[in-house]
Amino acid sequence: MVATLDLIIEEGIQSVTFPKIFKRANVGSSTFYNYFNNKEELVSELYKNVFFHMGKVIMTGYDPNLTVFERSRGILKSMVDYGLSFPKEIMFLEGYSDSPYIYEEVRNMMNPAMVEIFAIIEEGQKQGIVSEMDPMFCCHLIKGMVATSIRGYLGGKYPFGEEQIRQTLDACWKAIKV
């Protein structure tokens, strides 16, 4: 799966072939077919593993007793930290979350971080501090802002130190608050 992730990031999913995967992973085709029947199954399993890894990392140290603002900022900061620590993973998740190579049931899964983000949005809406917009749209909006900021940094477009991270988190909050 690591070899597949590396190849997808380097070449794009369409260019990744079984021979390339076998060579990069240093495995034979029979080993591969013991675990996966086809490319879609492999990519979906990779997506699922990365998605749940992201959720676990983001929820580490999360404090559910904080205010809506503090919890949203904490989760978004953890997402930034995750993206900076696992850049290939966040690029893969953002680049292929709507890909037909990923089985629909896998694309529609929720991890603990997403469940909590939706709960924060809904609680904020009940309190009148988060805009009354579709929670899925709201989640994608802020998640996209974080991922785009990280992608620009990784592409060498700008520095991404503490000030830029703060600005990103502020922009996310401004995008959803009343």
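What pairs come up if the first residue lies in the range 165-178 and is outside any helix (DSSP H, G or I), the second is open to solvent by less than 40 Å² (accessible area, probe 1.4 Å), and their beta carbons are under 6 Å apart, counting only those six or more places apart or on different chains? Sorted first by the residue in the range 165-178, then by its partner, the pairs are Val178/Ser131. Put simply, of Val68, Val43 the only residue that is aliphatic (A, V, I, L, M), surrounded by 18 or more Cβ atoms within 10 Å (Cβ to Cβ), more than 30 Å from Gly156 (Cβ to Cβ) and out of contact with any Leu (no Cβ under 8 Å at 6 or more places or on another chain) is Val68. Number of residues in the range 107-160 that are under 16 Å from Val68 (Cβ atoms), open to solvent by less than 70 Å² (accessible area, probe 1.4 Å) and free of Cβ contacts under 8 Å to residues at least 12 places away in the same chain: the value is 2.
The values are calculated or read from the model by the stated rules, or taken from the named source; none is laboratory data. Just so it is clear, the model here is predicted, and its values are computed rather than measured. A quick note on method: Cβ atoms are made from the backbone with ideal geometry, for glycine too, and the neighbour counts reach across all protein chains shown. Side chains are part of the model used for accessible areas, which takes the heavy atoms of the whole protein and leaves out ligands, DNA and RNA. Shrake-Rupley method; radii C 1.70, N 1.55, O 1.52, S 1.80 Å.
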